[in-house]
1. Give me the number: length gained by fully extending ARG873 to TRP32, i.e. 0.36 nm times residue separation minus the C-alpha to C-alpha distance, one decimal in nm.
2. Between SER349 and LYS746, 0.36 nm times their residue separation minus their Cα-Cα distance comes to what?
3. On a 1.4 Å probe surface of the protein chains, which of GLU323, GLU779 comes out largest in accessible area, and what is the full order?
4. Positive end of the charge dipole of region 659-825 (Lys, Arg +1 and Asp, Glu -1 on Cβ, about the Cα centre): tell me which of LEU811, LEU744, ILE781 has its Cα farthest that way.
5. Across region 213-389, what fraction of all alpha-carbon pairs, as a whole percent, falls in each successive 5 Å bin from zero upward?
6. If each of ASP84 and SER695 carries a label point 7 Å out from its Cα toward its Cβ, how far apart are those two points in nm?
7. Enumerate the calculated ³J(HN,Hα) couplings along region 519-525 in order (Karplus 6.51 cos²θ - 1.76 cosθ + 1.60, θ = phi - 60°), each rounded to whole Hz, writing x wherever the residue is Gly or Pro.
8. Output the pairs from LYS728/LYS748; LYS221/LYS432; LYS401/LYS721; LYS67/LYS142; LYS239/LYS725 with a Cα-Cα distance over 28 Å in this structure; if there are none, say none.
Amino acid sequence: MDMVTAASTYLFEATEKRFFFKNVSILIPENWKGNPRYKRPKLESYLHADVRVALPTLPGRDEPYTKQFTACAEKGEYIHFTPDFVLGKKQNEYGPSGISGMNRVYTCQGGSCIYRTCRTNSTTKLYEKDCQFFPNKVQTEKTSIMFMQSIDSVSRFCNDKNHNREAPSLQNIKCEYRSTWEVISSSEDFKSTTPREAPPPPTTFSLLKISPRIVCLVLDKSGSMSSDNRLNRMNQAGKFFLLNIVENGSWAGMVHFDSSASVASELIQIVGSNERDQLVASLPPVASGGTSICTGIRTAFQVIRKLQSELDGSEIVLLTDGEDKTVSSCVNEVKLSGAIVHVIALGPSADSAVDELRTLTGGKYYYASDDAQNNGLIDAFGDLTSGNADVSQKSLQLESKGLTLDSNNWMNGTVIIDSTVGKDTFFLITWKSQKPSIFLWDPSGREAGSFTVELSTKMAYLTIPGTAKVGIWTYSLQAKTSQETLTIAVTSRAANSSVPPITVSAKMNKDTNSFPSPMIVYAEVLQGYVPVVGAKVTAFIESTSGNTEVLELFDNGAGKIEGNPPRPENAENTQTTVEDFSRMASGGAFVVSQVTPGSVADVFPPSQITDLDATPDGDEITLTWTAPGDDFDVGKDARIEEFVYEKLDRKAPSRVNNPELLGQYMIDAGTEFGPGTAYGSALIKCGETQKRIGSADRELIQTSALNFLTPLRNFIEGDYKTIAKERKLLQNKRLDLDAAKTRLKKAKAAETRNSSEQELRITQSEFDRQAEITRLLLEGISSTHAHHLRCLNDFVEAQMTYYAQCYQYMLDLQKQLGSFPSNYLCNNNQTSVTPVPSVLPNVVGSSAMASTSGLVMSSPPNLNDLKECSGSRKARVLYDYDAANSTELSLLADEVITVFSVVGMDSDWLMGERGSQKGKVPITYLELLN
């Protein structure tokens with residue numbers, strides 16, 4: 001407390017008497033002894049704490065740091081203090097004492113470490129790379145807190161007058177060379193305050209002790225829940241939560257609501273399976289009635305108050321699929337209650353107003369569509385672990401997958417159980433119509449135990465006893481009816497409480513946003529507090545209609561954390577190396593408004609260059625940097641001169657094109673010959689015409705770049721690269737699968753055959769997983785084709801306008817040249833061109849061809865007819881395909897067929913031909929050959 005009190009006064013002076021710590025809540029661990037001073041937390045939790053006191057990432061690494069991977073001026077995740085730092089055991093390292101003052105290099109060899117004087121580069125006159133400045137103990141300089149807070153005299157942040165914008169610091173890189181005070185003073189908090197005249201009041205401390213979790217499910221059973229299998233899906237996910245997610249020792253209850261509300265289960269403390277089964281039996285069996293969300297929440301308050309008088313820190317999980325115009329009537333009541341409300345919105349009609357309840361109470365918000373194969377509802381419940389539970393007690397999701405299959409088709413896959421998990425491993429299978437065939441094998445190839453099957457709720461589940469075997473688990477599910485939707489979810493807990501499990505968390509940069517402000521997906525993979533780098537991370541973003549966007553996230557994992565004073569480097573790296581693993585995490589829901597349909601202007605700038613480096617080479621200096629893309633890091637590299645002019649705060653000059661350059665040369669030459677001469681005047685008129693053509697050419701380039709080239713380039717360098725990469729991976733997986741099938745056929749010995757069968761199951765599941773990723777990417781290709789066809793039409797119309805303008809300019813020029821004496825003309829026998837001035841204004845939007853006999857006009861072709869122009873092509877079949885009816889053609893993988901388009905056919909299909917057989921074939925099953 002003394003540290004916080006002193007820091008409050010220090011902060012007050014450093015921020016010009018504006019900010020201080022008024023109230024500080026300290027969260028006491030649940031296993032500490034009780035004390036009458038301890039109160040129950042309200043919205044406070046370890047997960048959302050501003051400051052965490054936890055063991056260092058590695059032994060001896062006690063540097064305090066702020067965890068932040070978002071943009072400058074945005075709030076960080078948390079500050080990490082270690083116990084030794086808080087207890088003052090690191091005072092000699094991190095302050096308040098001063099440090100010596102010279103330019104020195106600190107080096108270590110063996111067990112000996114020394115300071116030596118910095119050397120100077122004879123060419124650059126700069127100090128060597130590892131040279132550091134150590135200020136004197138006695139100082140009068142007051143800045144800067146962010147650089148040398150350990151010096152006693154330092155008490156101010158750097159500002160625009162004394163900030164060193166040339167320093168290669170993270171502050172400059174992240175904050176566009178702004179000082180710390182400039183960043184602080186531009187914040188909304190700063191703008192809404194004024195300096196205080198009186199000293200700040202003493203800091204008030206609240207000691208809050210973590211108590212057993214209290215959670216009440218508030219489940220919608222209104223009439224709309226009977227559609228789209230919502231009620232049963234809710235019960236499946238609710239059972240998943242009650243059997244596997246909510247932690248032992250927690251108190252759980254349940255309320256059902258429609259136009260009224262009823263208590264389905266009072267709060268029960270979960271000790272074992274009996275309490276969990278009792279809660280599961282309380283799930284709603286039927287759906288009917290209206291929707292009254294506030295009635296459900298108020299009833300949940302009554303349930304919780306029977307256990308404790310205050311609602312502080314209790315949780316409500318609200319699931320609803322409908323609209324309720326009376327939600328606003330309980331907003332203030334919920335805000336003042338002290339309870340945390342998590343919201344799960346199911347289906348497109350779920351009331352968005354309930355998001356305010358989540359925002360006011362610090363809860364989570366999830367959206368699940370009616371497309372069951374996306375598994376959104378189960379993923380949402382799976383993410384609702386306690387914010388105060390130790391990570392070793394939390395259920396971690398390892399797999400989440402769904403498919404819609406025809407009868408007798410298989411959904412195959414693998415789940416990796418790594419050495420950090422394996423306790424309470426839980427497999428959940430759900431289906432829509434009929435129970436599938438279910439097979440599960442452990443890493444040794446042995447079939448796992450029997451699943452508990454519940455035909456009424458259409459789900460099956462299995463808990464692996466003890467600690468699950470480390471390795472690759474393989475599953476196979478076979479659909480028993482057409483258009484069957486199957487899903488699987490797998491969770492597990494830490495194998496050892498003393499070894500942190502690998503975890504993944506996901507978040508968006510904002511919960512609500514408006515176009516064109518970008519949405520950014522962040523994912524963090526950790527083992528304890530140590531980053532796991534090099535992991536392949538894929539984000540699946542589901543829209544309200546159930547469509548899924550697949551994004552591969554780039555690994556910009558945190559590097560090592562720099563300490564304040566020099567000391568011997570720790571031989572251990574702050575990045576952990578682990579075996580193969582798999583994790584799933586939900587990032588919640590977000591809303592983007594003001595999205596413009598169709599093509600839009602280029603609104604996203606290139607990313608900032610942050611690694612500019614200058615290397616002297618004789619009389620020259622070589623500049624190197626990583627070029628950004630046209631849109632942030634995506635797209636064609638930005639031109640360097642545009643970057644330089646931007647940094648110089650000057651507008652980049654327009655680049656002269658060839659017709660404009662030719663026109664200028666002709667005008668200059670005509671001026672030399674003399675504007676009064678016939679030839680000089682003619683040259684000037686030709687030059688002016690060329691410059692007009694150049695202007696039209698510039699307009700054509702700008703229009704084409706905006707309406708055609710930019711969308712095409714973004715597709716080729718973005719989505720197409722991803723598709724090509726995933727298709728190549730799919731091809732490799734298919735080759736691996738073929739090889740595994742061949743080895744199984746050749747296997748004779750029983751032991752060899754068992755090994756080959758296990759290998760086949762693994763390669764089959766890997767192929768199916770990759771095929772699913774590729775399928776999701778290819779689903780949107782038809783709409784992309786239609787969009788680019790419109791862009792191509794815009795490009796053709798722009799070209800028509802350009803050529804019509806050029807033709808008119810040349811007609812005008814010919815008239816002007818015709819006024820000169822005939823002996824000055826180079827060719828008196830040229831064919832005359834008949835001008836058509838009355839038609840020219842109507843050229844835009846039509847197909848036109850210029851000829852020496854006039855201007856030939858025709859109406860624009862129907863865009864659908866363009867498909868006929870492509871003719872027939874050869875295509876390789878990627879996967880087997882069974883024709884659904886007599887109009888379609890069955891396909892075999894790897895065969896080559898002839899394909900062509902037909903007017904009026906769906907854009908997702910082509911007409912295929914194999915010998916005398918002909919029929920429709922899906923484009924996504926083909927690879928067109930040149």
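1. Result: 295.3 nm gained on full extension.
2. Separation in residues times 0.36 nm, less the Cα-Cα distance, equals 137.3 nm.
3. GLU323, GLU779
4. Projecting each Cα onto the dipole axis, the largest value belongs to LEU744.
5. 2, 9, 19, 24, 23, 16, 7, 1, 0
6. 7.4 nm
7. Going residue by residue, I get 9, 10, 9, 10, 9, 10, 10 Hz, with x marking Gly and Pro.
8. Distance filter (> 28 Å) returns LYS728/LYS748; LYS239/LYS725.
The values are calculated or read from the model by the stated rules, or taken from the named source; none is laboratory data. The structure displayed is predicted, hence computed values, not measured ones. As a convention, Cβ positions derive from the backbone with ideal geometry for all residues, glycine included, and neighbour counts pool all protein chains shown. The area values use the complete protein model at the heavy-atom level, side chains included, leaving out ligands, DNA and RNA. Shrake-Rupley method; radii C 1.70, N 1.55, O 1.52, S 1.80 Å.
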